[in-house]
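A quick write-up on the structure given underneath.
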Amino acid sequence: MSIQPARTRFAPSPTGHLHLGGARTALYAYLLAKKTGGQFILRIEDTDLKRTVSGAEQEIMDGLHWLGLNYDEGPDIGGPHGPYRQTERREIYQTHAKTLVDNGHAYPCFCTPERLEKVRQEQMKNKENPHYDGTCRNLEPDEAAKRIASGEAYTIRFKMPHDGVTVAQDHLRGDITIENKQLNDQVILKTDGLPTYHLAAMVDDHEMKITHVMRGSEWLGTFPLHVNIVRAFGWDEPTWVHLSVFLKPSGKGKMSKREAADAMKDGYSIFVKDMQDLGFTPEGVLNWCGLMGWGVAEDDVMTVEQMLDRFTIDSLTPSPAAINFQKLDHFNATHIRLLTTEDLAARLKPYFTREGLNVNDDVLLKIIPLIRERLTTLDDCISFGAFFFKDEVSPVSDELIAKGLDAKQSAEIARKAYEILAAQPDVSHERCEPPFREYVEASGFNAGQVFGVLRVAVTGQKVSPPLFESMEIIGRDVCLKRIQNAIAILEKM
RNA sequence: GCCCCCAUCGUCUAGUGGACUAGGACGCGGCCCUUUCAAGGCCACGACCGGGGUUCGAAUCCCCGUGGGGGCACCA
């Protein structure tokens, strides 16, 4: 069976940070396009000048690139159906709006925002549904033309049928039927000459030959309107896929500013821009949010390649999904373990550097196998590996005292450790461990006590990667120096 | 208030009328491994929202409730 190449698009507004929901929408669109040998397009929907945030567009592009969701056409790279920024497509929308007016599917409206607001208040007071009252719907074309010519400000409204129903087909939910009288005559072209989403998105999706429109389910309410607009133009409809929304971790309501702040407090974020700083990998983030709203029966740890293999729009789910950050940890850790040593080293280096540590690349490569399966996030490398790159460590004196022992006994262990180590020609872990085992046998101290003192002395911390392997990398001289320092601390107690 | 959508373990989900003793993953609990912390292995706990139908048979189809979500702008 041959598959038609799909053209998909991610079409965000540059009004804020790129968030998880957007990342997932982009991922699915990317997956579908790549899987079918089609194109994935980035389009910037910046028609609301008041809400446009400077820098937001760049953040979107950076976020997509970081995730590896590279688009084939977009505002910065162009393409055959550009421009890809809606503010640069003004005339296209105006032409199309005029077409709709000419064929009776739309009309100019001279109602002021103030009047509209008054009407709305009135309707609410009368317990009516807020809706446009249709004042300009039946204006004589001549009069309308006269008012336009006189310079009166106007919008263009889409003329929804009053009777009957509109049936729109969503790929995940089937037919969605709504009575036309529920729909409003929405503004499709604003007084500033720019279109609203309803017109802009429909025109662009058609002009850009989009085959599958994937967007958030918040558009379900205006979906029938959109279908009517497309039909008014006489265009073929794309396949519509309305993705479920992400709910806050409690499952009650969608993410809000408050939850975003709470997440940040716990070391998580709903914004793509924060993910790298927090130590998350694109692989982990993609796998994690890709699985919220996508049913995969088993083996759900997937690289993008594997997702490509398995992705179908039929396996997407229509119900809302609660965000679960613990699962992000899991996927992130799993993908870290999947990375090659060289790759992981390159990704870890910036985190060490960020801490002001001087990274020796050979050492870095050597410690990867020791810390890899201990990392949940990339920045965990600091707590597990910073001591490899420090000239000296500063153990907490209390931690140098082994469990069940006192300072004097711990000092005794440290002195003996120094002695054993000093006697070794090298500190390979194969060579070092046996004499320490013998000491444990002979001394009457248990392994936990002996290795505990040594661990804190050498690494400066109670939790560390495997001790002898670590010592081997640190080197004998530095180890001896650190043990000496520990002895000094213990003797002072 | 009105409209639309959704509904399987705590969470993400598999399931498309018999293969369901409802499967997987995360988390949680236990055990094994173990010098710490992890990783790994094994085991356990844990769900079809309720009520009516349809059918020989329903998690699966229909209706009604209930719950949840989204929308009702010259915002997207």
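Every number in this text was worked out from the coordinates using simple rules, so none of it is lab data. None of the values given here were measured: they were computed from a predicted structure. Note: ideal-geometry Cβ built from the backbone for every residue, glycine included; neighbour counts use all protein chains shown.
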Long-range HN-HN contacts of A:LEU189 with modeled amide H, under 5 Å:
A:ILE156, A:THR196
Among A:GLY293, A:LEU328, A:ASN138, the residue whose Cα sits farthest towards the positive end of the charge dipole of chain A (+1 at Cβ of Lys and Arg, -1 at Cβ of Asp and Glu, taken about the Cα centre) is A:ASN138
If r is the Cβ-Cβ distance from A:ASN138 to A:GLU117 and R0 is 25 Å, what FRET efficiency results, to the nearest 0.05?
0.70
At 0.36 nm per residue, minus the direct Cα-Cα distance, what do A:GLN169 and A:LEU308 gain on full extension? Give it in nm, one decimal, please.
47.5 nm
Under a crude label model (7 Å from the Cα following the beta-carbon direction), how far is A:ASN126 from A:LYS403 in nanometres?
7.8
I need the phi-derived Karplus couplings for segment A:425-442: 6.51 cos²θ - 1.76 cosθ + 1.60, θ = phi - 60°, integer Hz, Gly and Pro marked x.
x, 8, 10, 4, 5, 5, 7, 6, 5, x, x, 6, 4, 4, 4, 4, 4, 6
Which cross-chain or sequence-distant (5 or more) residues have an amide H under 5 Å from the amide H of A:LYS254, H modelled 1.01 Å from N in plane?
A:LYS248
Counting other beta carbons within 10 Å of each Cβ, put A:LEU328, A:LEU49, A:LEU421, A:LEU480 in order, fewest first.
A:LEU49, A:LEU480, A:LEU421, A:LEU328
Short version: ³J(HN,Hα) in whole Hz for each residue of segment A:129-140, in order, from phi by Karplus 6.51 cos²θ - 1.76 cosθ + 1.60 (θ = phi - 60°), x for Gly and Pro, what are they?
6, x, 7, 5, 7, x, 3, 9, 4, 10, 4, 5
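Would you please put A:430-439, A:229-238, A:14-23 in order of how densely packed they are, using the mean number of other Cβ atoms within 10 angstrom per residue and starting with the highest?
Ranking the peptides A:430-439, A:229-238, A:14-23 by packing returns A:14-23, A:229-238, A:430-439.
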Sorted by number, the cysteines in chain A with no other cysteine beta-carbon under 4.7 Å are A:CYS111, A:CYS289, A:CYS381, A:CYS432, A:CYS479
Given labels modelled 7 Å from the Cα in the Cβ direction, how far is it in nm from A:GLU441 to A:SER54?
7.4
Difference of contour (0.36 nm per residue) and Cα-Cα distance, A:SER383 to A:ASP72
107.9 nm
Going by Cα centres, segment A:125-174 and segment A:214-266 are how many Å apart?
24
Mind giving me the FRET efficiency for A:ASP102 and A:ASN324? R0 is 41 Å, r the Cβ-Cβ distance, nearest 0.05 is fine.
0.20
Each label sits 7 Å from Cα toward the beta-carbon; between A:LEU365 and A:THR87 the label points are separated, in nm, by 4.9
Per the helix-only calculation at 222 nm, which mean residue ellipticity applies to chain A, given -39500 (n - 2.57) for every DSSP H run of n ≥ 4 and division by its residues, nearest 500 deg cm²/dmol?
-14000 deg cm²/dmol
Pop out the ³J(HN,Hα) list for segment A:145-150 in order, Karplus 6.51 cos²θ - 1.76 cosθ + 1.60 with θ = phi - 60°, rounded to Hz; leave Gly and Pro as x.
4, 4, 5, 5, 4, 6
tail above 32 Å in the computed P(r) of chain A, as % of all Cα-Cα pairs, reads 56
Using the Cα centre as the reference, give the magnitude of the dipole from point charges on the C-beta atoms of segment A:1-116 (Lys, Arg: +1; Asp, Glu: -1; all else neutral), rounded to the nearest 20 debye.
340
Among A:SER244, A:ALA260, A:VAL227, the residue whose Cα sits farthest towards the positive end of the charge dipole of segment A:193-265, when +1 is placed on the Cβ of each Lys and Arg and -1 on the Cβ of each Asp and Glu, is A:ALA260
